[in-house]
Each structure stands twice: as C-alpha cells, then as structure tokens.
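Chemist: Quick one: the structure is below, and I'll ask about it shortly.
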C-alpha cells in the first residue's frame, strides 16, 4: 500500500474538479481526500496500491477536466491506513 500527497495546478478550481477527483477515486478504489488551496491549487491525499494510484493519476489527466491540469506534483509518504473512503474537504 502507498500514500501520496498530490498537488494539482491549473484551472482546477470553480470547475467541479474536487468532485471529478472524488468520482475517479471511487472508480479506482482510492481512499483519502481532496480540497482546494488558497493559492489556486488542489491538494489530494490518496492511499491505495501503487497501481491504483497510478491509474487514478492517469484518469485525472485523461478525463474531461484533465485538459485543465498544467502540473501534478506527487510526493510519496508512509501509508497510514486511516481512510476507508474518499471525501471532498472544504
């Protein structure tokens, strides 16, 4: 299992991106959360198998809002197992 802290740059606020990410997380079996940051980026904490996380990131880029992404920064962290689902944080 893996845990990633992900920062997404681009036109990713006020376009439904958090709910888009939650839907993809549900499809790929990812647990964690997504929220908007004051600087215009979106922050995601994702836990799952490495293959699931890579699939999640690929689907984020290829989906309908993927064209809005200019950069994704992924930092691998120690898996915590604290999440049972994926939520939108406010």
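Chemist: Can you tell me the relative contact order of the chain? Whole percent, Cα pairs under 8 Å, sequence separation 6 or more.
Modeler: 47 percent
Chemist: Report, in degrees rounded to the nearest 10, the 0 to 90 angle that the Cα long axis of helix 17-28 makes with the longest principal axis of the chain.
Modeler: Computed tilt is about 30 degrees.
Chemist: Of the listed peptides 67-76, 29-38, 16-25, what is their order by residue-averaged count of other C-beta atoms within 10 Å, with the highest listed first?
Modeler: Final packing ranking: 16-25, 29-38, 67-76.
Chemist: In the set (1) 19, 13, 12; (2) 21, 16, 11; (3) 23, 13, 12, which value of semi-axes √(5λ) of the Cα gyration tensor in Å was calculated from the structure you see?
Modeler: The value matching this structure is (1).
FYI, it's all coordinate maths here, none of it is from the lab. Model, not experiment: these values are computed from the prediction. Positions of Cβ are generated from backbone atoms using ideal geometry, with glycine treated the same way; all protein chains shown enter the neighbour counts.
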